[in-house]
1. Can you run phi through the Karplus equation (6.51, -1.76, 1.60; θ = phi - 60°) for the stretch 157-163 and list ³J(HN,Hα) in whole Hz, with x for Gly and Pro?
2. Could you work out the relative contact order of the stretch 42-188, using alpha carbon pairs under 8 angstrom and six or more residues apart, expressed as a whole percent?
3. Between 159, 17, 86, find the one with the highest GNM mean-square fluctuation for the chain; connect C-alpha pairs within less than 10 Å.
4. Can you pull the three principal axis extents for the Cα set of the stretch 59-102, in Å, largest first?
5. Could you give the length gained by full extension between residue 59 and residue 17, i.e. 0.36 nm per residue of separation minus their alpha carbon distance, to one decimal place?
6. Would you pull out the residues with amide H under 5 Å of residue 21's amide H, same chain only if 5 or more places away, H placed 1.01 Å from N?
7. Helix 56-77 versus the longest principal axis of the chain: what is the Cα-based angle in degrees, 0 to 90, to the nearest 10?
8. Quickly estimate the mean residue ellipticity at 222 nm for the chain, helices only: each DSSP H run with n ≥ 4 gives -39500 (n - 2.57), and the total goes over all residues, rounded to 500.
Amino acid sequence: MSEKEWKIYTKGGDKGNTSLLGGTRVPKSHIRVEAYGTIDELVAFLGVIRDHDVDDFLKEDLILIQERLFTAESWVAADTKAATRNLPMFYEKDILYLEEAIDKMNEQLPELTNFILPGGHPAVSCIHVARTVCRRAERTLVRLMEVSEVEPMIVKYINRLSDYLFVASRITAKRFGVEQTPWQPEQS
């Protein structure tokens, strides 16, 4: 094999372990691996949303969000502070961007008076799936925080992102003319 060849498989994980960014070997079931793996799953679902006929502003936002989530994955995958030395940073402006986008979308939507049931259009449903994966990523990060340090800005970003995705589902439903189904709890 020449120096330029690179193989996707290393065989290093064949026994159920993987290396964190920094070199520490841990089981693939480790909470840190679960946390960055769930963020990676979210990145993939955001790609599925981009593959739908959604508004251009949403596609552009999702690319930016995917890039920020790759940064988050790197930080979560790092085993020490030293391993984060050359990683891109997370900033308050990343969270402000999401908040401004939420506010801009909300200005175009009616006031929400009930919980809504996901569905009505494939794009809307995909956004809701991404939102639930985002919430799972947040729960996993919180569990990781119980045993290890996690960059607080990442947890804040993931929390705000789930709100962004909820509002994005509503604006997408509006675009497609989907009447959203309010949750009507059974009265006993």
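None of the figures in this text is laboratory data; all of them are computed from the coordinates on show. None of the values given here were measured: they were computed from a predicted structure. Backbone-built Cβ (ideal geometry, glycine too); neighbour counts: all protein chains shown.
1. 4, 5, 4, 5, 5, 5, 5
2. Rounded, it is 33 percent for the stretch 42-188.
3. 86
4. 34, 19, 13
5. Stretched out fully, the residue 59 to residue 17 stretch lengthens by 11.6 nm.
6. Long-range HN contacts for residue 21: 78, 79.
7. Approximately 30 degrees, to the nearest ten.
8. Computed ellipticity for the chain at 222 nm equals -19500 deg cm²/dmol.
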